[in-house]
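Only one structure is covered here, and it is reproduced in the block below.
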Amino acid sequence: FVADRARGLAQSLLSNPDPASRVAAAYLRVLNRPPAAGEVDAALTYVDRFNKRFSNDAVAWQSLARVLLASNEFFYVD
């Protein structure tokens with residue numbers, strides 16, 4: 001289930017050519033808030049390293065989506 005949702009989110013994110021905007025959109029959709037500057041940097045670093053290792057942009061963004069969907073912030077309300 002999570003993999004399917006992550007795949008769908010990644011596909012919709014890839015329609016935006018700007019990687020920083022993709023991160024912002026992912027945070028808004030999953031966590032209902034904009035990312036902090038450090039979170040944007042960390043997410044872009046994660047995607048970049050994933051791409052260097054596996055050479056697959058779509059799967060890299062799908063992996064980031066899974067990370068957000070598995071985060072404590074997604075599961076728990078403060």
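The values are calculated or read from the model by the stated rules, or taken from the named source; none is laboratory data. On a predicted model such as this, the values are computed, not experimentally measured, just so you know. Glycine also receives a Cβ, built like all others from the backbone with ideal geometry; neighbour counts cover every protein chain displayed. Ligands, DNA and RNA are excluded from the accessible area calculation, which covers all protein heavy atoms including side chains. Shrake-Rupley method; radii C 1.70, N 1.55, O 1.52, S 1.80 Å.
Observations on the model:
- Taking residues in the range 1-17 that are touching a residue at least 12 places away in the same chain (Cβ under 8 Å) and closer than 13 Å to VAL30 by Cα, and partners anywhere that are open to solvent by 70 Å² or more (accessible area, probe 1.4 Å) and part of a helix (DSSP H, G or I), the pairs with Cβ atoms closer than 6 Å and at least 6 places apart or on different chains are ALA6/ARG66.
- So VAL59, is it of a type in the set (Val, Ile, Thr) and at pLDDT below 95: no
- Residues (of a type outside the set (Lys, Arg) and touching a helix residue (DSSP H, G or I) at 6+ places or on another chain (Cβ under 7 Å)) located in the range 4-23: ALA6, LEU9, ALA10, LEU13, LEU14, ASN16, PRO19, ALA20, VAL23
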